[in-house]
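> Mind having a look at this structure? Questions to follow.
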Amino acid sequence: MSIKHLTNAAIVQFMKRIEGVVMRPGDADFDQARRVWNGMIDKTPALIARCASVDDVKAVVEFARAHELLVAVRGGGHSVAGHGTCDDGLVIDLSCMRTVQVDPDERLAVVQPGLNWGGLDRATQAHALAVTGGIVSSTGVAGLTLGGGIGWLMRKHGLTADNLLSADLVTAEGQLLHASAEQNAELFWGLQRGGGNFGIVTEFRFRLHPVGPIVLAGWVLYPQEKAPEVLRFYRDYAATAPNELTTIVILRRLPHLPKLPPFLRGMPVIGIAVCYAGVIEAGERAVQPLRAFRPPLVDGIGLKPYVTHQTMFDAAQPPGRRNYWKTAYLSELSDVAIDVIVGAARQMPSPLSVLSVYQLGGAARLGDAAFCVNAAAAWTGRTESHRNINWTREFWAAIEPRSATGAYVNFLGEEGRERTRSAYRESYDRLLALKNTHDPGNFFRLNQNIEPTV
Ligand SMILES: Cc1cc2nc3c(=O)[nH]c(=O)nc-3n(C[C@H](O)[C@H](O)[C@H](O)COP(=O)(O)OP(=O)(O)OC[C@H]3O[C@@H](n4cnc5c(N)ncnc54)[C@H](O)[C@@H]3O)c2cc1C
């Protein structure tokens, strides 16, 4: 139902109940507050409720239910599909709830849902601890965790969601529930893969691991014309890499950043980026083949604070650009898959786009996938949209027949019911049973949605 049927008096009454801020179109900060990371998403909600407390979240849910409003839930606002906002509905914006408490003795972090990875990494690294997190520091902890969470520590310490010890959430009924392996265990399992389908998480508890604070990390770059050779070498290298080592291959044109030597600016490259989550001497041995295979154009692997490595790609992924992504799992880097990846990189229309291959395996278990590929088209001008979206779709059409089953839900766009269903793979029926129990009215529908069947 549209919000237009609401009277001004009802909205004013609602605003009085909320400790945080409620914004409407025309308010001073509204235009800024309605924006999300992906500049393609240009939606205008009727209300944005920036919650300050769990009571606020409950009150907003009650209000939205009573008035049958469309609801979007926003943590860090990085959903490429734009699920953190909507037209005409109510955005439950959690960005002001961002406290974090770290207990170094128990190795755990208690985190509110508006925190981003930069904030969580800084807090945990003050104690040389960390949990697997996103590789761009502005990304929200909440959305990333609820879709799995892949990052530099995953092959050693598992996905982010694997390190979740418990979550508190406000359900569609406005009830606060605690979920863990001991309490509401089935719901807890669902939260670790099912996105925001079951409720609004108001507190995450994470298990932490000793990491850094100095790690061996960075990347080696080669000219992109060597990509077929680099990827064939990489395939063998990745197959024997220890679990402490997580790698991501990146094909792109280098940005025109002043910190780069002029000859590198704008150059098409293939990079193998790494992070070693273990003893540094062993890490040096593990990365040695990257240096020995052929002299890299740039050898940027060295000792650095983990928090610095976690911001390595920040400058390349700023908010506001237009983005369109397509993703697939691969069970192997076959010669055909390599040809598709190299061909797509050569055809990339925008210098801002990136093709990435994430190495899974070890403790990073996502079905039978060994790699996750993501074609992330990024551009600025509206007139460029068609060309860039087509490039991404053509890549996907070529790689999809070679892909493993499922897809990484956090990289999906708005891709339709069948694709969402197949992304959840064999978990779908179990997730659906949970959805039917906890949200039969599909109150939480702006996500990679599991449509209830009751
Ligand atoms: C620049 C960039 C880098 C990325 N890097 C990585 C990466 O390294 N690893 C990785 O795994 N993914 C990565 N992603 C994907 C990322 O995991 C998803 O975009 C994720 O949804 C972002 O979470 P968010 O809280 O910022 O998003 P939002 O847009 O705020 O939310 C996304 C979804 O999560 C739900 N949600 C948000 N908060 C809550 C809550 N508290 N309770 C219940 N549901 C909630 C929303 O309903 C929505 O469906 C990246 C994305 C971007 C744009």
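The values are calculated or read from the model by the stated rules, or taken from the named source; none is laboratory data. Model, not experiment: these values are computed from the prediction. Note that we place each Cβ from the backbone using ideal geometry, even for glycine, and neighbour counts take in every protein chain shown. SASA here: full protein model, heavy atoms, side chains in, ligands and nucleic acids out. Shrake-Rupley method; radii C 1.70, N 1.55, O 1.52, S 1.80 Å.
> Taking every DSSP beta bridge that has both residues in the range 46-196, what percent is antiparallel when rounded to the nearest 5?
Here the share of antiparallel DSSP bridges comes out near 55 percent.
> Compute the Cα gyration tensor for the chain, then decide on rounded, prolate or oblate, letting a ≥ b ≥ c be the square roots of its eigenvalues: rounded whenever a/c is under 1.5, prolate when a/b is larger than b/c in the other cases, and oblate in all that remain.
Verdict is prolate for the chain.
> With a ≥ b ≥ c the root eigenvalues of the C-alpha gyration tensor of the range 215-308, is it rounded (a/c under 1.5), prolate (a/b larger than b/c) or oblate?
Oblate shape, in that a/c is at least 1.5 and b/c is the bigger or equal ratio.
> Okay, moving on. Among the lysines, which have Cα under 29 Å from the Cα of LYS58 when same-chain residues fewer than 8 positions away are ignored?
Once the sequence-local lysines are set aside, what remains near LYS58 is LYS4, LYS16, LYS43, LYS435.
> Follow-up. How large a share of the accessible area of the chain, in percent, is made up of carbon and sulfur atoms when the probe is 1.4 Å and the other protein chains stay in place?
Percent of accessible area from carbon and sulfur atoms in the chain: 50.
> Accessible area per residue, 1.4 Å probe, Å², for the chain: what's the number?
40 Å²
> So what is the 222 nm mean residue ellipticity for the chain from helices alone, if each DSSP H run of at least 4 adds -39500 (n - 2.57) and you divide by all residues, rounding to the nearest 500 deg cm²/dmol?
The helix contribution divided over the chain gives -8500 deg cm²/dmol.
> Which parts of the range 362-380 would a label at GLU426 reach, counting a residue when its backbone N lies under 11 Å from a point 7 Å out along Cα-to-Cβ?
Counting backbone N atoms under 11 Å from the label point, the list is 367-368.
> Which length gain, in nm to one decimal place, applies between LEU264 and ALA398 when the Cα-Cα distance is subtracted from 0.36 nm times their residue separation?
Taking LEU264 through ALA398 to full extension adds about 45.3 nm, to one decimal.
> Another question, if that's okay. Only four residue types carry charge here, +1 at the Cβ of Lys and Arg and -1 at the Cβ of Asp and Glu. Report the dipole size of the range 301-425 about the Cα centre in Debye, rounded to the nearest 20.
320 debye
> I'd like the distance separating the alpha-carbon centroids of the range 391-433 and the range 26-80, in whole Å.
27 Å
> How big is the range 324-454 along each principal axis, measuring the range of its Cα positions in Å and listing the largest first?
Reported extents, whole Å, longest axis first: 48, 38, 23.
> Hey, for a label at ALA315 modelled as a point 7 Å past Cα toward Cβ, could you say which residues of the range 242-281 have their backbone N under 15 Å away?
What the label zone holds, given the 15 Å backbone N cut-off, is 253-267.
> Quote the accessible area belonging to LEU412 in square angstrom, nearest 10, computed with a 1.4 Å probe and with ligands, DNA and RNA left uncounted.
Here the residue's solvent-accessible area equals roughly 10 Å².
> Also, quick follow-up: If you take every DSSP beta bridge fully contained in the chain, what fraction is antiparallel? Give it as a percent rounded to 5.
90 percent
> Enumerate the aspartates and glutamates that LYS259 could reach by cross-link, defined here as Cα to Cα under 17 Å, with residues fewer than 8 away along the same chain left out.
Output for LYS259: ASP299, ASP314.
> Output the 0 to 90 degree angle, nearest 10, between the alpha-carbon long axis of helix 428-438 and the longest principal axis computed from the alpha carbons of the chain.
Long axis of 428-438 versus the principal axis of the chain: about 20 degrees.
> Can you tell me the orientation of helix 335-347 relative to the chain, as the angle in degrees between its alpha-carbon axis and the longest Cα principal axis, to the nearest 10?
Result, in degrees: 80.
> Using a 10 Å cut-off on Cβ atoms, rank the peptides 292-303, 111-122 from the highest mean neighbour count down.
So the order, starting with the most tightly packed, is 111-122, 292-303.
> May I ask you to compute the full-extension gain from ALA52 to ASP103, defined as 0.36 nm times their residue separation minus their alpha-carbon distance, rounded to one decimal in nm?
16.0 nm
> Compute the label zone of ASN390 within the range 325-349: residues whose backbone N is under 16 Å from the point 7 Å along Cα-to-Cβ.
Inside the label zone: 344, 347-349.
> On a full-extension model of 0.36 nm per residue, what is the gain between THR405 and THR453, subtracting their alpha-carbon distance, rounded to one decimal in nm?
Length difference between fully extended and current span is 14.9 nm.
> How many angstrom lie between the Cα centre of the range 225-246 and the Cα centre of the range 313-366?
15 Å
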